Amino acid sequence: MVGPGLYTEIGKKTRDLLYKDYQTDHKFTLTTYTSNGVAVTATSTKKADLIFGEIQSQIKNKNVTVDVKANSGSNVITTVTVDEIATPGLKTILSFAVPDQRSGKFELQYLHDHAGVNTSIGLTANPVVNLSGSFGTKALAVGADFSLDTASGNLIKYNAGLSITHEDLIASLNLNNKGDSLTAAYYHNVNQLTSTAVGAELTHCFSTNENTLTFGTQHALDPLTVVKARFNNSGKASALIQHEWRPKSLVTISAEVDTKTIEKSSKVGIAVALKP
């Protein structure tokens, strides 16, 4: 990607470093492929004493991808994606869930060397309309994200962001929650060969005058094993180790502890993802 990407790309590197793959649940994922190329993924997640299940099937035909998910809540979610429609960089996405009749949504995404635009509209009589965009280059990008409730005529979401990238450094600034919170994020790729990186995120909430500061790092012990750690100013510390024991098959063990009440608050999560 040579352009700024979509608005969601602003600050994504730092968010992935600090939050991706951390979990305190037990999760098992198995993916298989049928002879005609359909990918079937079964997922089971244990949260406390509850177990949630999901089955997903995905089929691709040229530039069309169809995803169907069924979960233990008796919901069936279908997503149809068409890439490179009419012009390069343009993608259309249609999604809906059964039995929720108000869940239908039509979405357009467009990526250009100097812009990334995403717009969506709910398929209801009085839909919510969302428009987000990022403009600039890969080195410097600014963007905004708005949602309008056509039933009331009110803006229910308005955010803005700025991202600066220089070689192995990425800095971003996001104004979220209708201007109530300001997040500054930093990501530094220390060593690309060992996937060593450090990052930090500082969020200030204007309504409560509270600050949240989170530090994180990652390092590859070998080409197949990555360790990560993070710590925030509330005293919560987390760490994980992820090992690719066979191509595309991962085992992740993560732990979280509140350093203020270590004997009561430690949590351990395990995630296993198997692919042929």
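Examine the stretch 94-113 for a residue that is modelled with pLDDT of 95 or more, more than 30 Å from Lys228 (Cβ to Cβ) and either in a loop (DSSP other than H, G, I, E, B) or aliphatic (A, V, I, L, M) (or both), and state whether such a residue exists. There is at least one residue in the stretch 94-113 that is modelled with pLDDT of 95 or more, more than 30 Å from Lys228 (Cβ to Cβ) and either in a loop (DSSP other than H, G, I, E, B) or aliphatic (A, V, I, L, M) (or both).
Residue check: Asp83 meets all listed conditions (1) at pLDDT below 95; (2) open to solvent by less than 40 Å² (accessible area, probe 1.4 Å) but one, namely (2). Scanning the stretch 173-180 turns up no residue that is touching a helix residue (DSSP H, G or I) at 6+ places or on another chain (Cβ under 9 Å) and aliphatic (A, V, I, L, M). Here the stretch 154-182 is the region considered, the condition is being closer than 29 Å to Thr196 by Cβ and of a type in the set (D, E, K, R), and the residue that is most open to solvent (accessible area, probe 1.4 Å) is Glu167.
For the criterion of being surrounded by 14 or more Cβ atoms within 10 Å (Cβ to Cβ) and either at pLDDT below 95 or in contact with a strand residue (DSSP E or B) (Cβ under 6 Å, 6 or more places away or on another chain) (or both), Lys12 fails.
Which of the residues that make up the stretch 114-126 are outside any strand (DSSP E or B) and either in contact with a helix residue (DSSP H, G or I) (Cβ under 7 Å, 6 or more places away or on another chain) or open to solvent by less than 60 Å² (accessible area, probe 1.4 Å) (or both)? It would help to see each step written out before you state the result.
At the first step, the residues of the stretch 114-126 found to be outside any strand (DSSP E or B) are 114, 123-126.
Within the stretch 114-126, Thr124 is the sole residue that qualifies.
Taking the listed residues Lys248, Lys264, the one that is among the basic types (Lys, Arg) and either touching a residue at least 12 places away in the same chain (Cβ under 8 Å) or within 24 Å of Gly161 (Cα to Cα) (or both) is Lys248, with no other qualifying. Of all residues in the stretch 79-103, those that are over 17 Å from Asp67 (Cβ atoms) and of a type outside the set (S, T, N, Q) have Cβ atoms under 7 Å from Cβ atoms of residues that are modelled with pLDDT of 90 or more and in a loop (DSSP other than H, G, I, E, B), 6 or more apart or on another chain, in Glu84/Asn63; Arg102/Thr124.
Contact map, the stretch 56-68: residues that are closer than 14 Å to Thr34 by Cβ and open to solvent by less than 70 Å² (accessible area, probe 1.4 Å) paired with residues that are assigned to a strand (DSSP E or B) and charged (D, E, K, R), Cβ distance under 6 Å, separation 6+ or inter-chain. Pairs shown: Gln56/Lys69; Gln58/Asp67.
Is it the case that the stretch 76-89 has a residue that's within 19 Å of the chain's Cα centre (by Cα), of a type in the set (A, V, I, L, M), closer than 21 Å to Leu6 by Cβ and in a strand (DSSP E or B)? Scanning the stretch 76-89, I find no residue that is within 19 Å of the chain's Cα centre (by Cα), of a type in the set (A, V, I, L, M), closer than 21 Å to Leu6 by Cβ and in a strand (DSSP E or B), so the answer is no.
Among the residues of the stretch 90-120, how many are over 30 Å from Leu140 (Cβ atoms) and under 22 Å from the mean Cα position of the chain (by Cα)?
Residues of the stretch 90-120 over 30 Å from Leu140 (Cβ atoms): 94-106.
Still in the list and also under 22 Å from the mean Cα position of the chain (by Cα): 94-97, 103-106.
Adding up the residues that qualify gives 8.
The values are calculated or read from the model by the stated rules, or taken from the named source; none is laboratory data. In this text, all values refer to a predicted model and were calculated from it rather than measured experimentally. Backbone-built Cβ (ideal geometry, glycine too); neighbour counts: all protein chains shown. Side chains are part of the model used for accessible areas, which takes the heavy atoms of the whole protein and leaves out ligands, DNA and RNA. Shrake-Rupley method; radii C 1.70, N 1.55, O 1.52, S 1.80 Å.
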